[in-house]
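The values are calculated or read from the model by the stated rules, or taken from the named source; none is laboratory data. Because the structure is predicted, anything quoted here is derived from the model rather than measured. Virtual Cβ from ideal backbone geometry, glycine too; neighbours counted across all protein chains shown.
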Amino acid sequence: MPADITDKIFGPFFTTKPRGSGLGLAIVRKIVDAHDGRIDVESRPTGGTCFRIALPLTSEHRTAQPLFAGSHPDTRTRAHDERG
C-alpha cells in the first residue's frame, strides 16, 4: 500500500475499491479508540499489508458508553403490539 494511501485509509468513505463503502477501517478505528487501544499499519513493498490492534488489559470495571446516539437501551423506541 503506497504511503499516500496509508495516511487516508482510516477516513470515512475512503476506498480504493469500486464497490467498497469506505466505512470498514473508519469503524475499526472508532472501536479501537473507544477502548483506548492502538492500531498500527505496516505495508511491505513486495505486497501485503498488516494491521495490528493492541487493546489495554485492565482490572477495573468500566461501564461502556454508547458510540452512537440512540444505541443505548434506554433510548430505543419499542414497538407495542395493540393486541396486548
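The residues of segment 26-38 that are without any contact (Cβ under 8 Å) to a residue 24 or more places away in the chain and under 15 Å from Lys8 (Cβ atoms), listed by number, are Ala26, Arg29. There is no residue in segment 1-23 that is in contact with a Cys (Cβ under 6 Å, 6 or more places away or on another chain) and at pLDDT 80 or above. If you filter segment 11-43 down to residues that are β-branched (Val, Ile, Thr) and part of a loop (DSSP other than H, G, I, E, B), you find that the one that is nearest to Ile53 (Cα to Cα) is Thr15.
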